[in-house]
Amino acid sequence: MLDTNGIEHELIERLGEGGQGVVFRTRDPGVLLKLSKVGLADARVQSWFHHVSWVARQPLTGLQIAVPVALIDNRHNPGYVMELMDGMEPLGRMLEQAAQALQEGEGLDSYRASGGVARRVRLLAKLARILAELHGRGLAYGDLSPANVFVSRSVDHDEVWLIDSDNISVSSRTGGRMIWTRQFGAPEILRGMSGINSLTDSWSFGILAFQLLTLIHPFKGDLVEDGVAELEEQALRGELPWIDHPREHANACSGGLPRTELLSLRLRTLFEQCFNAGREEPGARPSMAEWAEGFEAAAAMLAQCEPEDGCGSSFIYNPRACCPFCDTVIPAARHLRLRHVVFAPMTELGEGASEHDQWLATPDLLLLQHGYEVVLRSSPVGTSTYASSPARCRLRFDEQGLHLTPLSTLGLHVAKSNGGPLKALDKPFLFKREWQARATASIHLGDPTRTHSVWRFIW
């Protein structure tokens with residue numbers, strides 16, 4: 001296939017097929033082609049081809065979206081060229097393999113082998129952030145499905161890219177283009193009441209995220225799975241309650257992974273918001289920024305069941321520190337839970353303020369297990385500014401204690417106990433094991449005489 005830049009492309013692998021065309025891998029590393037199955041004589045294909053040209057001119061720089069870099073102006077099979085990182089594969093493969101293994105009684109070996117909960121949460125956090133940034137540029141993605149999300153083939157990496165950028169359109173409440181994958185399309189699209197927009201993207205992301213984590217579709221309960229085909233159509237059109245509806249249990253599901261144990265409260269709340277209130281009222285759905293913040297917060301609380309005593313699975317930390325897959329509890333001495341607060345000096349508070357008013361609790365938490373390390377940034381994980389905020393210090397927890405390594409000159413102080421003196425740090429510092437007295441220690445990020453972030457933990 002010859003593109004408009006005069007480059008010849010040899011097709012070597014068919015990666016996927018949708019209503020608009022087929023995606024192929026080429027012999028050139030990282031280069032994909034999407035070709036229409038119908039020629040330019042068709043008016044709809046002409047419209048699509050013009051839209052591809054429009055997408056290529058949109059402000060997509062810096063987003064991990066495989067945009068058109070050249071057109072295939074072939075009257076029989078028009079299409080376009082896109083560039084993608086090498087070593088990527090469709091997210092659908094991970095989803096299908098794990099779900100099939102569970103259905104065939106092979107357990108969760110495939111789920112764990114593909115990265116378990118931890119990798120899925122990190123991938124979804126990155127995907128949500130890409131879509132949030134796209135929406136921030138006034139554009140909607142459109143046809144979000146596991147076939148259009150590409151992830152690192154290696155489980156040791158969690159890169160995420162979107163392909164099929166020809167679906168991108170101007171984001172609006174009503175939308176214009178009606179393109180979707182049936183299992184992931186928003187009810188208003190399936191009913192013919194709306195085109196694609198940021199709210200339909202939010203719905204599709206919710207379906208994909210729920211299915212990737214729990215291995216079940218949020219609207220395919222036992223009623224749908226055991227019933228006639230028409231029930232599935234009703235479910236996808238939003239005419240049946242979702243499987244975890246708090247009051248309506250007609251479509252409850254006995255399969256998949258246990259959601260209460262598997263998902264954090266924040267994620268369960270987002271799914272409920274999307275699939276309950278958001279089923280009838282699209283404006284009630286979480287924004288993609290809210291989805292991103294929720295999954296980034298979950299990523300900060302990922303725990304690892306220790307293989308010596310348990311199953312080695314990853315999971316989102318829960319108050320019992322208990323693995324949902326084998327019920328093994330992580331010993332208290334093997335993990336630290338840090339809580340984020342904001343501290344304000346009395347000089348910045350109003351008249352009549354007390355010392356208690358100086359500490360403003362936030363919902364943001366961070367888990368650090370024995371043998372692991374994390375980086376603290378100026379903004380806490382789970383906030384919209386986290387990803388772009390500067391790194392302040394690195395924490396590592398091991399048999400010696402808690403190691404702190406400053407990563408900036410913006411100010412770093414520690415206190416060994418609540419109300420204790422602050423110690424300024426400009427070099428590595430160790431909270432020694434022998435200091436442990438079940439006291440509230442703290443790490444202060446910033447000028448202690450001004451309002452600043454603090455991470456508190458029991459030591």
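The values are calculated or read from the model by the stated rules, or taken from the named source; none is laboratory data. Treat the numbers as computed from the prediction; the structure is a model and nothing was measured. Cβ sites come from the backbone with ideal geometry, for glycine too, and all protein chains shown count toward neighbours.
Okay, here's what the table says:
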{"item": "Count - residues of the range 401-459 that are farther than 23 Å from residue 355 by Cα, aliphatic (A, V, I, L, M) and part of a strand (DSSP E or B)", "result": "3"}
{"item": "Matching residues in the range 432-459 - criterion: being over 23 Å from residue 347 (Cβ atoms), of a type outside the set (A, V, I, L, M) and within 33 Å of the chain's Cα centre (by Cα)", "result": "440, 457, 459"}
{"item": "Answer residue from the range 156-192, given it is among the polar types (S, T, N, Q) and farther than 17 Å from residue 91 by Cα and is modelled with the lowest pLDDT among those", "result": "174"}
{"item": "Residue match in the range 432-443 (condition: in the same structural domain as residue 337 (by TED's automatic domain parsing), in contact with a Cys (Cβ under 9 Å, 6 or more places away or on another chain) and surrounded by 14 or more Cβ atoms within 10 Å (Cβ to Cβ))", "result": "yes"}
{"item": "Test for residue 194: is it outside any helix (DSSP H, G or I), touching an Asp or Glu at 6+ places or on another chain (Cβ under 6 Å), farther than 26 Å from residue 313 by Cβ and among the small types (Gly, Ala, Ser)", "result": "yes"}
{"item": "Pairs with Cβ under 7 Å, 6+ apart, first in the range 353-367 and in contact (Cβ under 8 Å) with a residue 24 or more places away in the chain and closer than 15 Å to residue 338 by Cα, second among the charged types (D, E, K, R) and surrounded by 14 or more Cβ atoms within 10 Å (Cβ to Cβ)", "result": "365/337; 365/339; 367/337"}
{"item": "Selection from the range 349-369 of residues that are outside any strand (DSSP E or B) and surrounded by fewer than 16 Cβ atoms within 10 Å (Cβ to Cβ)", "result": "349, 350, 351, 352, 353, 354, 355, 356, 357"}
{"item": "Test: residue in the range 236-254 that is part of a helix (DSSP H, G or I) and farther than 25 Å from residue 298 by Cβ", "result": "yes"}
{"item": "Complete set of residues in the range 197-224 that are outside any helix (DSSP H, G or I), at pLDDT 95 or above and at negative phi", "result": "216, 217, 218, 219, 220, 221"}
{"item": "The range 255-278 - residue that is among the small types (Gly, Ala, Ser) and not in a loop (DSSP other than H, G, I, E, B) and, of those, surrounded by the most Cβ atoms within 10 Å (Cβ to Cβ)", "result": "278"}
{"item": "Residue match in the range 85-94 (condition: over 29 Å from residue 205 (Cβ atoms) and among the acidic types (Asp, Glu))", "result": "no"}
{"item": "Within the range 370-400, tally of residues that are of a type outside the set (Phe, Trp, Tyr), in a loop (DSSP other than H, G, I, E, B), surrounded by fewer than 17 Cβ atoms within 10 Å (Cβ to Cβ) and over 20 Å from the mean Cα position of the chain (by Cα)", "result": "5"}
{"item": "Enumeration of residues in the range 34-79 that are of a type in the set (A, V, I, L, M) and either assigned to a helix (DSSP H, G or I) or more than 29 Å from residue 133 (Cα to Cα) (or both)", "result": "38, 40, 41, 43, 45, 52, 55"}
{"item": "Residues of the range 6-27 satisfying the condition of being more than 30 Å from the chain's Cα centre (by Cα) and surrounded by fewer than 17 Cβ atoms within 10 Å (Cβ to Cβ)", "result": "6, 7, 8, 10, 11, 12, 27"}
{"item": "Residue satisfying condition, being closer than 21 Å to residue 264 by Cα and in the same structural domain as residue 431 (by TED's automatic domain parsing), within set 319, 324, 380", "result": "380"}
{"item": "Answer residue from the range 279-328, given it is of a type in the set (Lys, Arg) and under 16 Å from residue 205 (Cβ atoms) and is surrounded by the fewest Cβ atoms within 10 Å (Cβ to Cβ) among those", "result": "279"}
{"item": "Enumeration of residues in the range 110-160 that are surrounded by fewer than 18 Cβ atoms within 10 Å (Cβ to Cβ) and under 12 Å from the mean Cα position of the chain (by Cα)", "result": "159"}
{"item": "Residue pairs meeting the criteria (Cβ under 8 Å; at least 6 apart or on separate chains; first at positive phi and surrounded by 15 or more Cβ atoms within 10 Å (Cβ to Cβ), in the range 404-423; second at pLDDT 95 or above and of a type in the set (Gly, Ala, Ser))", "result": "411/424"}
{"item": "Selection status of residue 43, out of contact with any Asp or Glu (no Cβ under 7 Å at 6 or more places or on another chain), among the small types (Gly, Ala, Ser), free of Cβ contacts under 8 Å to residues at least 12 places away in the same chain and not assigned by TED's automatic domain parsing to the domain that holds residue 92", "result": "yes"}
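Here is a yes/no grid of residues against (1) free of Cβ contacts under 8 Å to residues at least 24 places away in the same chain; (2) over 21 Å from the mean Cα position of the chain (by Cα); (3) closer than 21 Å to residue 129 by Cα; (4) outside any loop (DSSP other than H, G, I, E, B):
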{"site": "283", "(1), (2), (3), (4)": "no, no, yes, yes"}
{"site": "286", "(1), (2), (3), (4)": "no, no, yes, no"}
{"site": "291", "(1), (2), (3), (4)": "no, no, yes, yes"}
{"site": "296", "(1), (2), (3), (4)": "no, no, yes, yes"}
{"site": "308", "(1), (2), (3), (4)": "yes, yes, no, no"}
{"site": "312", "(1), (2), (3), (4)": "no, yes, no, no"}
{"site": "319", "(1), (2), (3), (4)": "yes, yes, no, no"}
{"site": "327", "(1), (2), (3), (4)": "yes, yes, no, no"}
{"site": "338", "(1), (2), (3), (4)": "no, yes, no, yes"}
